[in-house]
Amino acid sequence: MPSNLPSPLTSFIGRQREIEEARRLLANVRLLTLTGAGGSGKTRLAFQVGAAVLSEYADGVWVVEFAPLSDPHLVPQAAATALGVPEHPGRSLTESLVDYLRARSVLLLFDNCEHLVPACASLADALLRGCPTLRILATSREGLRVAGEMTYLIPPLSLPDPGRLPPLETVMQYEAVRLFAERAASHRSGFKVTDDNASTVVRVCRRLDGMPLAIELAAARLRVLAVEQIAARLDDRFRLLTGGSRTALPRHQTLRAAMDWSYDLLSAQEQALLRRLSAFAGGWTLDAAEAICPGDGIAAADILDLLMSVADKSLVLVETRTGEVRYRLLETIRQYGGDRLREAGETDTVLGRHLEWYLRLAERAEPELRGPRQEAWLDRLEAEHDNLRLALEWSGARTPGTDAQMRLAGALRWFWFIRGYWTEGRRWLEAALTRRSEAASTALARALQGAGRLARFQGDYERARALSEEGLAVSNRLGDSESRVWFLISLGAVELHQGDYGRAAALFEEGLVLSRALGDKGLISMALSDLGVVARIRGDFERAEALLGESLALSRTLEDKWRIALSLHSLGMVAFRRGEYDRAAGLFAESLVRAGQVRDKWIADDCLDGLAAVACARGHYEHAARMLGAADALREMLGYRPLANEHSDHDRCVATTRVGLGDAAFTAAQAAGRTMTLEQVIADALAAGESLATKAKSAAKPTEGKGAGLLTPREREVAALIAQGRTNREIAIILVITERTADTHVQNILNKLGVGSRAQIAGWAVAHGVHTLSAD
Ligand SMILES: Nc1ncnc2c1ncn2[C@@H]1O[C@H](COP(=O)(O)OP(=O)(O)OP(=O)(O)O)[C@@H](O)[C@H]1O
Ligand SMILES: [Mg+2]
């Protein structure tokens, strides 16, 4: 079942009634908001409900995490990222989301809406109005106040009556006691609730109002304190807060008191670390904490120990999701830490270091985004996206007169472009440009490049031209030939999109001459590829192939997968124009795989169109119609404008296929294509392309056949990747499938081949000549 529900770090206790209740309510309302004080278990319950109803939503349950965001503008972007919905020029992200969700059966989990209530409410409202089958389960300390919303105040964990203590086995049925017992045992192994300590444990749980977070914080102290000591100290603190009276505190104060208690028990160093950690948004890595949190008696070398020691106290979560270790604070604790940071007067210093660190990260990533380690760096920036946003925001607000925001935004321009954060990226870049303080700097040139490119891709040619012209002036003033080439090519691209091929070619030529003089392979490859496109459009195929071939060769030496995908697609177009359909299909399919590797959808979309055109030209109309449907859906989501010349190709292909199939069959096949996942589409396209490749290969290499037939084309693809030493996770990324699907494929291959290890699969693949199917 498709979903991004995180796998829980700790056991889940009880809540059967609440889960049933939430399911019942969700069946009757379209927006259900779980409300309650911080730390009362809203998020945990929502995830559990999401898992329980997973099978009821054909298109999955998707968590949209709002906790790390502070900018309400990013609310729709967070939903789009969770669902993988890209941008659409001329349409707001909310509209793109509506388009995407309209015909799907999805449950969205809006998690931690409280600090962005108006923005979350208006997104929920727009989505529910536009998408009849959508349901939303939200968690928030207060309701969203949207028409049709139902709020459900979640109760505390169940507790025994204070008056008389029931027998031990009954006590153990109460949720609060079970949570305490489980967490306690994880901090002190062998801990058990017994007849001797049961009344004290109940007293603690009662003191803490059955609030899960508070109970976890108290239980975490068992490593050094006895239950009796914990109870006594909590009593003291609460008596202080209630002025000695026995009345309970309001719920939110209970937790506040529990957190104060827990915080006060920390050493001064641990306290300083915890409050400084609150500066991170969306988690952090050890090296970041070591750079940002030292000071006042804490050295970088102390951070790891201190971190482990606050994690032991359940104040920090440790996650190892993508092979790397990341740390995180629960939202309530992060806010608490933020308050303490402000009180300590450290906010500016810590956020200043935070900015410095993420600026350095972005600037280190910048040159890597066009080379062999592109995917890893894109993923790294993606993992730090919320921290980068925070740094962008903070640098914009706090540091007038410096170019930190401009440098940061400029360094991130490729990340935003490739990963499809077009609107957001443009907004940051334009904001930095408005706030500029210098007439000419490298940072300014980069920001102009980024803003100009994104404007062009969104079809805002006027702005794109203005930005590139200004960029040209800036690079002249700087004497920076490299960025001069950039802007020449950018201006050429604007001309190309607007149909002035003569001017476009002249600008690309000028860029090529200059980049050759500089000896910069990346720039040369770019200029060649753009010139190749012009030659192709003009029908000069010989020249187009020569230019594009040289560009491809350069990209291969740079190992820039994104640009390799781009060149392969362009070469595919030339082959198609020449009537070499087999070659065209092979090139489009390889480009599609490459685009999938860097998770670019823009090139993928063009490849689908190309594959549709090939199928159409061959008279395989049903396949063509499916590809057209898939390409349309992707294009609508992505919303970029193809070149006018290519658009008429697309229209011709649609017309021919429609005639070839007949209206009804065409509509049906196209509709089938529209609902295919990208994974299915690629499999479909590759199956067609691959059967050709296999045919060609078996002519040349008679040994392949036999054993290879055991496996499906997709399994052979997986076997080939195993032979290349790829992990399942990498295979999943390359083939644009889930890791779980990759696991299943590997298991099937093991079964079919009757072997027991990956090494044997690799050996088999090499022996049967299928190990290079998707290699370069
Ligand atoms: N039923 C449960 N079983 C086990 N642990 C729980 C349960 N409910 C909550 N917890 C734990 O209590 C802590 C707080 O829960 P959670 O984050 O869900 O609270 P919340 O209401 O969403 O808080 P916030 O308002 O800060 O977002 C977490 O560590 C969570 O794992
Ligand atoms: Mg929460």
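The values are calculated or read from the model by the stated rules, or taken from the named source; none is laboratory data. It should be emphasised that the depicted structure is a prediction, and the values quoted were computed from it without experimental measurement. Because the Cβ atoms are built from the backbone with ideal geometry, glycine has one as well, and the counts that use them run over all protein chains shown. Calculation scope for accessible area: heavy atoms of the full protein, side chains included, ligands and nucleic acids excluded. Shrake-Rupley method; radii C 1.70, N 1.55, O 1.52, S 1.80 Å.
What the table below lists for this structure:
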{"read-out": "Members of the range 5-34 that are of a type in the set (S, T, N, Q), out of contact with any helix residue (DSSP H, G or I) (no Cβ under 7 Å at 6 or more places or on another chain) and within 11 Å of ligand 1 (Cβ to nearest atom)", "value": "Thr10, Gln16"}
{"read-out": "Conditions (1) at pLDDT 70 or above; (2) over 29 Å from Arg626 (Cα atoms); (3) assigned to a helix (DSSP H, G or I): number failed by Lys706", "value": "(1)"}
{"read-out": "Filtered residues of the range 373-428 (kept if among the β-branched types (Val, Ile, Thr) and surrounded by fewer than 20 Cβ atoms within 10 Å (Cβ to Cβ))", "value": "Thr399, Thr402"}
{"read-out": "Residue in the range 325-333 that is open to solvent by 60 Å² or more (accessible area, probe 1.4 Å), assigned to a strand (DSSP E or B) and touching a residue at least 40 places away in the same chain (Cβ under 8 Å) present", "value": "yes"}
{"read-out": "Conditions (1) in contact with a Leu (Cβ under 6 Å, 6 or more places away or on another chain); (2) over 27 Å from Pro372 (Cβ atoms); number of the one not met by Ser515", "value": "(2)"}
{"read-out": "Some residue of the range 337-356 being within 16 Å of ligand 2 (Cβ to nearest atom) and more than 30 Å from Asn728 (Cβ to Cβ)", "value": "yes"}
{"read-out": "First in the range 426-444 and part of a loop (DSSP other than H, G, I, E, B), second anywhere and among the small types (Gly, Ala, Ser), Cβ under 9 Å, 6 or more apart", "value": "Arg435/Gly396; Arg436/Ala443; Arg436/Ala447; Ser437/Gly401; Ala440/Ala473; Ala440/Ser475"}
{"read-out": "Among residues of the range 553-568, those that are part of a helix (DSSP H, G or I), within 15 Å of Arg370 (Cβ to Cβ) and open to solvent by 10 Å² or more (accessible area, probe 1.4 Å), counted", "value": "7"}
{"read-out": "The one condition in (1) open to solvent by less than 10 Å² (accessible area, probe 1.4 Å); (2) of a type in the set (Ser, Thr, Tyr); (3) over 22 Å from Gly549 (Cβ atoms) that Ser591 fails to fulfil", "value": "(3)"}
{"read-out": "Close pairs from the range 142-163: first more than 25 Å from Ala27 (Cβ to Cβ), partner open to solvent by 40 Å² or more (accessible area, probe 1.4 Å) and within 16 Å of ligand 1 (Cβ to nearest atom), Cβ under 7 Å, at least 6 apart", "value": "Leu159/Tyr174; Pro160/Tyr174"}
{"read-out": "Selection from the range 35-64 of residues that are more than 10 Å from ligand 1 (Cβ to nearest atom), under 30 Å from Thr423 (Cβ atoms), modelled with pLDDT of 95 or more and open to solvent by less than 20 Å² (accessible area, probe 1.4 Å)", "value": "Gly50, Val61, Val63, Val64"}
{"read-out": "Unique match (being within 22 Å of Arg389 (Cα to Cα), within 16 Å of ligand 1 (Cβ to nearest atom), touching a Phe, Trp or Tyr at 6+ places or on another chain (Cβ under 9 Å) and touching a residue at least 12 places away in the same chain (Cβ under 8 Å)) among Ala78, Ala67", "value": "Ala78"}
{"read-out": "Complete set of residues in the range 285-320 that are within 16 Å of ligand 1 (Cβ to nearest atom) and exposed (fewer than 14 other Cβ atoms within 10 Å of the Cβ)", "value": "Val318"}
{"read-out": "Identity of the residue in the range 112-167, of a type in the set (Ser, Thr, Tyr) and open to solvent by less than 20 Å² (accessible area, probe 1.4 Å), that ends up nearest to ligand 1 (Cβ to nearest atom)", "value": "Thr139"}
{"read-out": "Residue list for the range 3-28, filter: part of a loop (DSSP other than H, G, I, E, B) and surrounded by fewer than 15 Cβ atoms within 10 Å (Cβ to Cβ)", "value": "Pro6, Ser7, Pro8, Leu9, Thr10, Ser11"}
{"read-out": "Inter-residue pairs, beta-carbon under 6 Å, first of a type outside the set (A, V, I, L, M) and in the range 573-602, second assigned to a loop (DSSP other than H, G, I, E, B), 6+ apart", "value": "Gly596/Val736; Lys601/Pro86; Trp602/Tyr640"}
{"read-out": "Given (1) part of a helix (DSSP H, G or I); (2) open to solvent by 40 Å² or more (accessible area, probe 1.4 Å); (3) farther than 16 Å from Gly425 by Cβ, index of the condition Arg370 fails", "value": "(1)"}
{"read-out": "Matching residues in the range 29-63 - criterion: being outside any helix (DSSP H, G or I), more than 15 Å from ligand 2 (Cβ to nearest atom) and hydroxyl-bearing (Ser, Thr, Tyr)", "value": "Tyr57"}
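Conditions (1) touching a helix residue (DSSP H, G or I) at 6+ places or on another chain (Cβ under 7 Å); (2) under 24 Å from Met573 (Cβ atoms), marked per residue:
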| residue | (1), (2) |
| --- | --- |
| Ala473 | no, no |
| Asp480 | yes, no |
| Ser490 | yes, yes |
| Val494 | yes, yes |
| Phe508 | yes, yes |
| Ala517 | no, no |
| Asp530 | yes, yes |
| Val534 | yes, yes |
